[in-house]
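Notes for the one structure printed next.
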Amino acid sequence: MEGIEVEIKKISNWIDANLSSDLISILKSYPGCGTKSAAVFITEMGDPHRFAGEDQIVAFAGLNPREMSS
């Protein structure tokens, strides 16, 4: 188990040292969003320019749930 914990720590340190973009700084300004959460979000989102606007990004991330029923 110690080996896994060491590897996790190495990866965490690498993320903290190498991912310092403006977008990560903006995402980290939200309460509860740290470097690793921001990095995962950016990785999953891909190129942000593929979205027409912020509404599409919010929908992609599932941050604006709506009930569509009658």
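Sorted largest first by accessible area at a 1.4 angstrom probe radius, with every protein chain in place, the residues R50, R66 fall in the order R66, R50. Per residue of the chain, the DSSP helices (runs of n ≥ 4 H) give a summed -39500 (n - 2.57) that works out to -18500 deg cm²/dmol at 222 nm.
Given all pairs of different Cα atoms, what value in angstroms does the Kirkwood hydrodynamic radius of the chain take?
On the way: mean 1/r = 0.0704 Å⁻¹.
For the chain, the Kirkwood estimate is 14.2 Å.
Here the relative contact order of the chain, from alpha carbon pairs under 8 Å that lie six or more residues apart, stands at 19 percent.
The values are calculated or read from the model by the stated rules, or taken from the named source; none is laboratory data. Given the structure is predicted, the values throughout are model-derived calculations rather than measurements. Areas reflect the complete protein model, heavy atoms only, side chains present, ligands, DNA and RNA absent. Shrake-Rupley method; radii C 1.70, N 1.55, O 1.52, S 1.80 Å.
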